[in-house]
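Enquirer: Dropping the structure in here first, questions after.
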Amino acid sequence: MSQKALWLKTEKGSLEVGTAPIPKPGEGEVLIKVHSTALNPVDWKIAAHGYFIEKYPAILGGDAAGVVEEVGPGVTNLKKGDRVLTNGVFGNYEHATFQQYTLGYADVTGKIPDNLTFDQAATIPLGLATAAVGLFHQDAPSGSVGLFPPWEDGGRGKYAGEPILIIGGASSVGQYVIQLAKLAGFSPIITTASLRNTEVLKGQGATHVLDRTLPKDALVAEVKKITSAPVKVAYDAISEADTQNAAYTILAPGGALVLVLNESVENKTDDKRVVPVFGNTNVPANRKLGVSLYSKLTALLADGAVKPNPVEVLPNGLQGIIAGLEKLKQGVSNVKLVGHPQETA
Ligand SMILES: NC(=O)c1ccc[n+]([C@@H]2O[C@H](COP(=O)([O-])OP(=O)(O)OC[C@H]3O[C@@H](n4cnc5c(N)ncnc54)[C@H](OP(=O)(O)O)[C@@H]3O)[C@@H](O)[C@H]2O)c1
């Protein structure tokens, strides 16, 4: 049985719609008919720069929402017909999401509650994983701040009264960081963004939204005006050189700064940690956290504790993802681009 898939033919080569076999779910896996897949910056970066992937042709895509078509041996938490969301895997094209059918690992695949559409659900897995791993992965102190997760019993409000700085609150990752920080009780939750996004971000839990164009010294001064408490947790969801250095300057001794891209912090000192994050719930290093998060995810989404990113749907099925990746490369604001693989001509 074959399906349509968006292939990256060669390293840094062209993206083309073609066919691929429909994979068979193995032990602990489910086959998902993908109704919505979200685009992430890493997808255009892989296509343009050849990161992460060793074997070509390859299929990209790290976010899927759809319907379970078949369950593999040993799967007990999901059944055929369930509406689900899952995080794809780089370099494993059976688990990639720019295709009409993908595999999901059942223990890190969650049911979508009725209040969310497939498009909304597709915005969640990779962005939320990146937020969750960066802040709350207790077994990976080198790749996380290592805080206690707010979705676990006793986690809500645990960090009440502690400030957090989130650079890039309007990004997909930044929005999930704000929401998890709110659940964990952080206060104030200070973020940077274009000021037109202020109300949206306050609705998600930010208490203060500062203009992303403020120069470093002005940003440091604004944060000091907001809180006199030491800022021991900072998350830079943008991680350009200037944002990293501003966040590191604001970070108090004993604190940790999460970075989503390679580090370019200058004048580092031993008393402040810099933690790189790998936002994927499937990989062995993050799987335990992923299983814990996914065991609570449906409830978090159903009661609105975690809300999806705003969505812009791309036309033309898988073909439309090619233009979507170009659009993402040019930059989007407060929106996740989502494609519909089933609508491929
Ligand atoms: N390490 C990992 O595992 C991992 C995982 C996911 C993502 N990432 C990386 O994380 C970055 C963000 O990904 P994403 O999907 O969240 O991005 P995105 O949603 O495409 O980011 C777009 C947003 O970035 C904001 N922004 C851009 N420059 C900014 C700046 N200097 N200061 C503050 N905000 C700024 C814009 O905010 P305004 O609209 O307010 O201007 C815009 O809304 C990307 O570089 C991505 O590759 C890494």
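The values are calculated or read from the model by the stated rules, or taken from the named source; none is laboratory data. No experiment lies behind these values; they were computed from the predicted model shown. Cβ atoms come from the backbone with ideal geometry, glycine included; neighbour counts cover every protein chain shown. The area values use the complete protein model at the heavy-atom level, side chains included, leaving out ligands, DNA and RNA. Shrake-Rupley method; radii C 1.70, N 1.55, O 1.52, S 1.80 Å.
Enquirer: Could you check region 318-342 and list, in sequence order, the residues that are in contact (Cβ under 8 Å) with a residue 40 or more places away in the chain, hydrophobic (A, V, I, L, M, F, W, C) and within 10 Å of the ligand (Cβ to nearest atom)?
Expert: Listed by number, the residues that qualify are L328, L337.
Enquirer: Can you list residue pairs whose Cβ atoms sit under 8 Å apart, with the first residue in region 182-201 being within 22 Å of S239 (Cβ to Cβ) and of a type in the set (G, A, S) and the second being within 16 Å of the ligand (Cβ to nearest atom) and part of a helix (DSSP H, G or I)? Count only pairs 6 or more apart in sequence or on different chains.
Expert: Within 8 Å, the pairs are A184/L135; A184/F136; A193/G174; A193/L201.
Enquirer: What about K9, is it more than 16 Å from the ligand (Cβ to nearest atom), surrounded by fewer than 22 Cβ atoms within 10 Å (Cβ to Cβ), within 10 Å of T102 (Cβ to Cβ) and in contact (Cβ under 8 Å) with a residue 40 or more places away in the chain?
Expert: Answer is no for this residue.
Enquirer: Do you know which residues across region 263-290 are in a helix (DSSP H, G or I) and among the small types (G, A, S)?
Expert: Scanning region 263-290 gives A285, G290.
Enquirer: Among what's in region 149-169 and is of a type in the set (G, A, S) and open to solvent by 20 Å² or more (accessible area, probe 1.4 Å), pick the residue that is farthest from the chain's Cα centre (by Cα).
Expert: G161
Enquirer: Across region 163-174, what is the number of residues that are out of contact with any Phe, Trp or Tyr (no Cβ under 9 Å at 6 or more places or on another chain) and more than 8 Å from the ligand (Cβ to nearest atom)?
Expert: 0
Enquirer: Considering only residues that are open to solvent by 10 Å² or more (accessible area, probe 1.4 Å) and either within 30 Å of K111 (Cα to Cα) or assigned to a strand (DSSP E or B) (or both), which ones fall in region 32-52?
Expert: Answer for region 32-52, where residues must be open to solvent by 10 Å² or more (accessible area, probe 1.4 Å) and either within 30 Å of K111 (Cα to Cα) or assigned to a strand (DSSP E or B) (or both): K33, H35, P41, V42, W44, K45, F52.
Enquirer: Then there is this: Has region 132-152 got any residue that is part of a helix (DSSP H, G or I) and in contact with a Lys or Arg (Cβ under 8 Å, 6 or more places away or on another chain)?
Expert: No, that holds for no residue.
Enquirer: Still on this structure, I have one more. Kindly indicate the residue of region 289-328 that is open to solvent by 60 Å² or more (accessible area, probe 1.4 Å) and under 15 Å from L60 (Cα atoms) and also nearest to the chain's Cα centre (by Cα) among those meeting that condition.
Expert: For region 289-328, the residue satisfying everything is E326.
Enquirer: Hey, another quick one. Answer with yes or no whether N282 is within 26 Å of N92 (Cβ to Cβ), within 15 Å of the ligand (Cβ to nearest atom) and not assigned by TED's automatic domain parsing to the domain that holds A170.
Expert: yes
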